[in-house]
Amino acid sequence: MSDILRQVDEDLRKDRLKSLWRKYGLYIILSISALLIIIIFLQFYNASNKSKYEKIVEEYLKVSYIDNFTSKLEILDEITNSDSDFIAAIAHLKMSQLLIDTGETEKGLLNLEEITKNENYEIIIKDLALYLLLLNKISELNEIEINNYLPQTQIESSSFKFLFMELVAIHSLISGELNSSKQEFEDLLGYPD
C-alpha cells in the first residue's frame, strides 16, 4: 500500500513539474539566455577597455624613451584627451614637469594650475599639482596668495596636509617671518603622524 502511495506521490510531483515547465519554461530559457548575453557583453566590454587603457599606458611609458621634446609633448597631449581621467591627469602632470624642466616654467605652472581646477581629476592629483605649483612659486607669493591657494580647510582635508603645512612654514621662513615660521614648524613636529 505504501508503495502505491509513494508511486502516486511521485506521479503528482512529475505532473506538477511538467505543468510548471510548460507554464514558465520559456521564461526560464529567456532569462538564462539574457543573463548569458549580458555576461558575454560585459566581458567583451571590459576586455576592450583594458586593451585600450594598456595602449594608452604604453604610449605614456614610451615618452620616457623619446629624445625629441616636441614629440613627447604631442604624445602626452594626446593622452590628456583620453577617456580615463586618471591617466589623462598623470599625463598632464608629466607635461607640466617636462615644460618646467626644459625652461618653459610659465607654461608648466599654467598647466599645473589647470590641473588644480579640473573638476574631472581626482583630488589627490589636484593636490599634487597644487603642491608642485606652490613649490615652484613659493618665493614669489605673498601670505595672502598662499592663503588663497591653501585655505586651512583644504590643508586639513588633504592627503598632502603635512607637506602643505611644511610649505607654509618654509614660505614664512623665506619671507623673513622667523617667529611665525618657527611656530609653524613646531606645530608640524607636534603631530604624532
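The values are calculated or read from the model by the stated rules, or taken from the named source; none is laboratory data. All figures in this text were calculated on a predicted structure; none of them were measured in a lab. Cβ placement follows ideal geometry from the backbone for every residue including glycine, while neighbour counts extend to all protein chains displayed. Heads up: the accessible areas ignore ligands, DNA and RNA and are worked out on the full protein's heavy atoms, side chains in. Shrake-Rupley method; radii C 1.70, N 1.55, O 1.52, S 1.80 Å.
I need the full set of residues from segment 4-53 which are open to solvent by less than 100 Å² (accessible area, probe 1.4 Å) and of a type in the set (D, E, K, R), in order please.
Asp9, Glu10, Asp11, Asp15, Lys52
Got at least one residue in segment 43-65 being polar (S, T, N, Q), modelled with pLDDT of 80 or more and either outside any helix (DSSP H, G or I) or in contact with an Asp or Glu (Cβ under 9 Å, 6 or more places away or on another chain) (or both)?
The answer is no; no qualifying residue exists.
Considering only residues that are under 17 Å from Ile138 (Cα atoms), open to solvent by less than 60 Å² (accessible area, probe 1.4 Å) and of a type in the set (D, E, K, R), which ones fall in segment 93-113?
Glu113
Go through the residues of segment 59-68 one by one and say whether even a single one is small (Gly, Ala, Ser), exposed (fewer than 10 other Cβ atoms within 10 Å of the Cβ) and under 30 Å from Ile125 (Cα atoms).
Yes: one or more hits.
Please work out if Thr116 is open to solvent by less than 80 Å² (accessible area, probe 1.4 Å), under 27 Å from Ser84 (Cα atoms), at pLDDT 85 or above and over 19 Å from the mean Cα position of the chain (by Cα).
Considered against the rule, which asks whether it is open to solvent by less than 80 Å² (accessible area, probe 1.4 Å), under 27 Å from Ser84 (Cα atoms), at pLDDT 85 or above and over 19 Å from the mean Cα position of the chain (by Cα), Thr116 comes out as no.
Please go through segment 141-160 and pick out each residue that is among the aromatic types (Phe, Trp, Tyr) and over 14 Å from Ile123 (Cα atoms).
Hit for segment 141-160 is Tyr149, nothing else.
Specify which of the listed residues (Tyr53, Tyr65) is under 18 Å from the mean Cα position of the chain (by Cα) and within 25 Å of Leu128 (Cα to Cα).
After ruling out the rest, the residue left standing is Tyr53.
Only helices (runs of 4 or more DSSP H) wholly contained in segment 86-180 count here; list those with 2 or more residues that are free of Cβ contacts under 8 Å to residues at least 24 places away in the same chain and of a type in the set (Val, Ile, Thr).
Because the criterion is at least 2 residues that are free of Cβ contacts under 8 Å to residues at least 24 places away in the same chain and of a type in the set (Val, Ile, Thr), the helices (runs of 4 or more DSSP H) in segment 86-180 that meet it are 152-157.
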